[in-house]
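Take a look at the structure set out below.
The values are calculated or read from the model by the stated rules, or taken from the named source; none is laboratory data. Nothing here was measured: the structure is a model prediction, and the numbers come from that model. Heads up, the Cβs are rebuilt from the backbone with ideal geometry, glycines too, and the neighbour counts pull from every protein chain shown.
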């Protein structure tokens with residue numbers, strides 16, 4: 001947290017093929033970045049990350065950066081709202097909308 | 001003008017010489033015996049510090065001899081500085097200098113002590129009075145009446161707990177302390193034969209009630225050894241063995257007593273429990289009913305500068321909200337809440353609490369008092385108010401509660417947040433045993449909050465559940481950025497409060 005928030009997302013090795021967007025993968029990133037000491041399996045896909053102050057608007061930019069790295073998904077500016085990143089599931093839906101294959 | 005709490009003590013020594021004044025390490029010290037020690041101490045003070053215009057420094061640990069030394073200084077009508085004996089040498093030395101102390105007296109050798117005195121020893125080659133037998137006690141007491149003093153003359157010089165920097169020296173007049181003891185005795189029924197536990201170290205303002213009021217009204221003080229202040233069994237035994245009726249202390253004391261009572265019978269003797277010093281967690285309150293079936297509970301609000309100013313009797317039989325309300329002003333207390341515009345609030349709202357009490361100090365000795373003491377444009381004319389530094393909320397129903405110290409108010413992403421309030425929320429969670437919430441500087445958010453918690457059992461609640469719990473009870477800015485759980489007890493100050501400074505330092509030290 002804190003100063004770390006404004007750093008760019010850690011670059012992951014570019015995958016040869018873009019993996020499917022998975023909730024487990026997103027949860028692992030959120031936990032690693034924002035919830036020190038928490039195990040990935042503890043984080044329910046519907047857990048409200050916004051209400052519990054795990055994420056804020058800076059965190060949204062970070063997660064969006066990671067989505068671009070990891071899945072080559074670019075979330076449009078208009079979609080970069082905290083509401084769209086409210087939970088692991090919301091993040092997955094936002095990412096899938098961005099690639100045009102998820103729920104509208 | 002000289003009818004003070006000191007003369008009241010002397011009268012008990014004459015009237016009931018063998019009544020127990022103190023209990024220390026299982027032994028009773030009678031009123032006449034304590035008075036005899038105080039007389040010797042008085043003579044020792046006079047011999048060591050002949051310049052009565054200057055205060056005397058005392059450096060003592062709690063013991064009957066230390067109580068006698070304080071009484072001796074009081075009987076001599078002297079001003080004396082009584083800082084914590086745990087204060088390191090450098091700041092302690094500076095404090096004695098700032099107070100203008102002529103000499104520092106102690107009961108044991110110590111680099112800062114100029115003169116070691118022993119009120120307990122009967123010297124064979126001096127004119128000091130011998131330990132009196134009961135029969136001659138009254139005559140000995142009568143022959144050594146306390147020095148007459150003005151109401152405004154200073155006796156005690158206590159120190160603030162000083163979370164940062166050098167403590168402030170708070171002088172209290174004989175009149176202020178005498179008025180305070182009268183209030184305390186009446187409110188908690190302290191009279192001849194009443195047994196009162198003293199948990200706080202001797203330099204603490206809480207002693208004005210549990211030690212000095214008790215001795216002025218003929219009761220018995222059960223002195224708890226601060227070195228064993230964290231031992232639940234020791235504390236419970238003190239209360240049980242001596243049938244203590246009045247218990248005053250920080251929440252930790254009550255937590256330890258509840259802990260020690262698991263599997264034991266209830267404590268029937270206590271009649272009054274007085275919560276002081278820190279806000280009482282709901283979880284500790286919940287444990288009190290079965291342990292103390294007969295006691296009334298009070299939330300006591302005050303500080304060294306004003307002493308007690310509000311009192312709230314906590315209902316035993318219905319749920320209470322925490323932080324506990326501070327209740328009603330004591331007789332003679334004036335108060336107001338200063339809003340953001342500096343005017344007194346007339347309705348519900350939040351602001352700094354200002355109080356005037358009959359027990360308050362006239363101002364600090366070693367630092368300017370201007371900012372903290374003064375008249376208020378909307379207050380009672382002619383009264384000096386003390387700016388408490390506490391943020392108080394006046395609720396719709398007119399009741400008051402204190403949110404926390406202004407010192408604990410920090411800005412997180414533009415929101416005013418009280419770290420104490422966040423602690424209180426976390427402590428309400430049944431799985432949380434101890435909590436420290438500290439603010440650390442953050443380049444983006446201004447501050448970020450770091451919570452360190454000790455759980456009832458390791459792993460019994462997850463960080464996610466705790467975040468959820470906070471989210472249901474407070475604004476987002478007040479939810480700690482990091483919630484850390486630890487297995488070991490949190491560090492405590494010498495007075496039993498969670499040592500937030502040490503927690504913050506350890507957080508800041510991390511890479």
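Side notes on the structure shown:
- Counted as qualifying within region B:398-511 are the helices (runs of 4 or more DSSP H) with 1 or more residues that are more than 12 Å from chain A (Cβ to nearest Cβ), namely B:419-428, B:500-509.
- Test set (1) in a loop (DSSP other than H, G, I, E, B); (2) away from every other protein chain (no Cβ under 11 Å); (3) crowded, with 20+ Cβ neighbours inside 10 Å - residue A:46 fails condition number: (3)
- Of the set (1) within 17 Å of residue B:494 (Cβ to Cβ); (2) within 23 Å of the chain's Cα centre (by Cα); (3) assigned to a loop (DSSP other than H, G, I, E, B), all apply to residue B:66 but (3).
- Test: residue in region B:18-30 that is in contact with a strand residue (DSSP E or B) (Cβ under 9 Å, 6 or more places away or on another chain) and closer than 26 Å to residue B:150 by Cβ: no
- Residue check for residue B:61: in contact with a helix residue (DSSP H, G or I) (Cβ under 6 Å, 6 or more places away or on another chain), in contact (Cβ under 8 Å) with a residue 24 or more places away in the chain and within 25 Å of residue B:93 (Cα to Cα): no
- Exactly one residue out of B:29, B:56 is closer than 12 Å to residue B:71 by Cβ and either touching a helix residue (DSSP H, G or I) at 6+ places or on another chain (Cβ under 7 Å) or buried (at least 24 other Cβ atoms within 10 Å of the Cβ) (or both): that is B:29.
- Selection from region A:18-43 of residues that are buried (at least 23 other Cβ atoms within 10 Å of the Cβ), within 14 Å of chain B (Cβ to nearest Cβ) and in a helix (DSSP H, G or I): A:27, A:30
- Residue B:205 vs. criteria part of a loop (DSSP other than H, G, I, E, B) and closer than 26 Å to residue B:8 by Cα: yes
- The strands (runs of 3 or more DSSP E) found entirely in region B:210-327 that carry 1 or more residues being over 24 Å from residue B:20 (Cα atoms) and either modelled with pLDDT under 90 or in contact with a helix residue (DSSP H, G or I) (Cβ under 6 Å, 6 or more places away or on another chain) (or both) are B:307-314.
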